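Data block below; observations after.
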Amino acid sequence: MPDIAYTSKVTIERIKGPMRRAWLPAEPDPVLFGVHGAVAEHYKVPPDLFPPHATTLDYIVAAAAG
């Protein structure tokens, strides 16, 4: 079995509701995750309760498309 080439070290903090703060490798500042638009509607998050932020799904799609 080959040696492990890379282990990603990520820390996630739940802020409140759908809001998360993540510290990612090579990023000097934490990244905010949340909900917006149709995703917020699906989870019944009122639009004025939290500021809109990209979802974790948005980041996964962006990473896969890259």
**Complete:** Of all trypsin sites (Lys or Arg not before Pro) in the chain, the ones in DSSP coil with at most 15 other Cβ atoms within 10 Å are Lys9, Lys44
**Residue-averaged [θ]222 nm for the chain, counting only DSSP H segments that reach four residues, each worth -39500 (n - 2.57)** = -6500 deg cm²/dmol
**Request:** Using only Cα atoms, find the angle between the long axis of helix 56-65 and the longest principal axis of the chain, and express it within 0 to 90 degrees, rounded to the nearest 10.
**Result:** 50
**Prompt:** How large is the dipole of the chain about the Cα centre if only Lys and Arg carry +1 and Asp and Glu carry -1, each at its Cβ, rounded to the nearest 20 debye?
**Reply:** 220
**Cα lying deepest toward the dipole's positive end in the chain, options Phe33, Tyr6, Val61, charges on Cβ** = Phe33
**Request:** Among (i) 4, 15, 21, 22, 16, 10, 6, 3, 2, 1, 0; (ii) 3, 14, 17, 15, 13, 10, 9, 8, 6, 4, 1, 0; (iii) 4, 17, 27, 27, 16, 8, 2, find the value of P(r) over Cα pairs in 5 Å bins from 0, in percent that was calculated from the structure presented, and write down its label.
**Result:** (i)
**Message:** Give me Tyr59, Tyr43, Tyr6 sorted ascending by neighbouring Cβ count inside 10 Å, so fewest comes first.
**Reply:** Tyr6, Tyr43, Tyr59
**Request:** Grab the beta carbon distance between Ala65 and Glu13, set R0 = 22 Å, and tell me the FRET efficiency rounded to 0.05.
**Result:** 0.25
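Computed from the coordinates by the stated procedures, all read-outs in this text should not be read as laboratory data. Worth saying up front: this structure is predicted, and the values here are computed from it rather than measured. Cβ sites come from the backbone with ideal geometry, for glycine too, and all protein chains shown count toward neighbours.
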